[in-house]
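Have a look at the structure below, then the notes.
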Amino acid sequence: METLTLSEEIRERVREARSLVAFSGAGVSRESGLDTFRGAGGLWEKMRPEELATPQAFRADPEKVWRWYAWRFRQAAEAAPNPAHLALARLELEEVFPSFTLVTQNVDGLHRRAGSRNVLELHGTILRAHCNRCGQSRDMGEAIAESSEEPPVCSCGGKYRPSVVWFGEALPDDVFAQAAEESASADLFLSVGTSSTVYPAAGLIEVAKRAGALFVEVNPEPTPFSRLADLRLAAPAGEAVPALVDALSRHR
Ligand code: BV8
Ligand code: ZN
């Protein structure tokens, strides 16, 4: 993407900003070869979320759910962070803003692999598994190596499941509370690669906007919040985010 020119009004807000929250979804990992959920070629086109990403689905057919997450785990392990992940990590590590928080809906771990540190994983991680009875936690890769066709059994008799938040399950309180707090005090709120349709995560956009944040949206497609955006970059994250990060750094 060519050099991004920001309006004087936005440049002024960027110069004064002290805190930035970046909010990401599956679209930021699309250029790393990982499927998104919705839209053409999305995971939900091939399979129904309620059949795979719910506690009921795991009770009804634990083998099917376990195999699906084992497949996604391998996909994530074989993928590499792309220029969007790397640019967001740069924005944090170069301390362009005094406060930087990355709030992600992704369970693939690519933000951390790109070097991001202050990451809030709202929907958990596919890199860990835990027993659905005693909560004992372990590495997902080891669990799959032990048993790839069905969930390994815990010493307490429970079954191991991926440490992701399934539909109908509560988000980890502390993580969501921190994300809401950071969003409510953000001067800049940057939403990247999310359809902004899953709650309570998408509600963070309203929290930030209501608190007066400058709202920037990066997504080739419009979302229910596009009308609230102060700046919209309708382009793939791998192109738009590095250009945006360069512009933000230039105007600090
Ligand atoms: C709960 C982990 C209650 C698992 C996930 C209010 C209104 C309506 C419904 C609800 C509501 N409140 C709650 C609900 C129900 C439900 C919900 O939101 N349903 C939706 C579908 C309507 N929410 C829940 O169930 C939540 N739990 O409410 O519990 C409770 C409370 C207390 C006590 C007990 C219970 C839990 C939600 C979390 C579910 N887990 N993931 C897994 O990954 O397998 S959600 C999962 O789907 C992802 O984590 C992510 O959050 C979501 C997918 O969204 P996106 O990431 O945005 O991806 P998507 O494919 O949709 O969009 C991709 C975008 O990228 C597109 O816009 C596309 O244009 C763009 N794009 C494509 N290529 C690129 C790109 N962008 C940039 N660059 C590119 N190259
Ligand atoms: Zn157990």
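Taken together, the values in this text are just the output of simple stated rules run on the coordinates, not laboratory data. All values reported here derive from a predicted model rather than from experimental measurement. Reconstructed Cβ throughout: ideal geometry from the backbone, glycine too, with neighbour counts over all protein chains shown.
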| message | For the chain, take the longest principal axis of its alpha carbons; what is the angle in degrees between that and the long axis of helix 83-93, to the nearest 10 within 0 to 90? | response | 70
| task | Let me see the pair-distance distribution of region 50-195: every alpha carbon pair, 10 Å bin width, integer percents in order. | result | 11, 37, 32, 17, 4
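If you put +1 on each Lys and Arg Cβ and -1 on each Asp and Glu Cβ, how big is the dipole of region 162-252 around its Cα centre, in Debye rounded to 20? It would help to have the intermediate numbers written out before the result.
Values: 6 positive and 12 negative charges, 73 e Å.
Dipole about the Cα centre, nearest 20: 360 debye.
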| request: Please state the charge dipole magnitude for region 20-110, taken about the Cα centre, from unit charges on C-beta atoms (+1 on K and R, -1 on D and E), reported in debye and rounded to the nearest 20. | output: 300
| task | Only Lys, Arg, Asp and Glu count, each charged at its Cβ (+1, +1, -1, -1), so figure out the dipole size of the chain about its Cα centre, rounded to 20 debye. | result | 240
| note | Ranking A84, F215, V165 by how far each Cα lies towards the positive end of the charge dipole of the chain (+1 on Lys and Arg Cβ, -1 on Asp and Glu Cβ), the top one is V165
| field | Whichever aspartates and glutamates have a C-alpha closer than 14 Å to that of K209, once near sequence neighbours (fewer than 8 apart) are set aside | value | E181, E182, D187, E217, D230
| For the chain, what number results from the quotient of the Cα radius of gyration and 2.2 N^0.38 Å? | 1.04
| field | aspartates and glutamates with Cα under 20 Å of K64, excluding same-chain neighbours fewer than 8 positions away | value | D35, E45, E50, E51, D108, D139, E142, E146, E149, E150, E169
| On a 0 to 90 degree scale, rounded to 10, what angle separates helix 237-250 from the longest Cα axis of the chain? | 40
| query | What residue among G115, S19, F97 has its Cα farthest toward the positive end of the dipole of region 1-131, where the charges are +1 on Lys, Arg and -1 on Asp, Glu, each on the Cβ? | reply | G115
| note | Expressed in µm² per second, the diffusion coefficient of region 144-251 from the Stokes-Einstein equation, with Rh the Kirkwood radius over alpha carbon pairs, at 20 °C and 1.002 mPa s, is 130
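Excluding D108 itself, what net charge comes from residues whose Cβ is under 15 Å from its Cβ, given Lys and Arg +1 and Asp and Glu -1? Can you show the working numbers first?
Numbers: positive: R30, R72, R74, R112, R113, R128; negative: E31, D35, E78, E121.
Cβ neighbours under 15 Å give a net charge of +2.
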| Taking K and R as +1 and D and E as -1, what net charge do the other residues with C-beta under 14 Å from the C-beta of C134 add up to? | +4
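In region 122-190, how does Rg compare with the Kirkwood Rh, expressed as the Rg/Rh ratio over alpha carbon atoms? Please report the intermediate quantities before stating the final value.
Working: Rg = 15.5 Å, Rh = 13.7 Å.
Across region 122-190, the Cα-based Rg/Rh ratio is 1.13.
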| Can you give the longest stretch of the chain with no exposed loop site, where a site means GluC sites (Glu not before Pro) in a DSSP loop (not H, G, I, E or B) with at most 15 other C-beta atoms within 10 Å? | 3-93
| message | Ignoring everything except DSSP H segments at least 4 long, calculate the 222 nm mean residue ellipticity for the chain; use -39,500 (n - 2.57) per segment, divide by total residues, nearest 500. | response | -10500 deg cm²/dmol
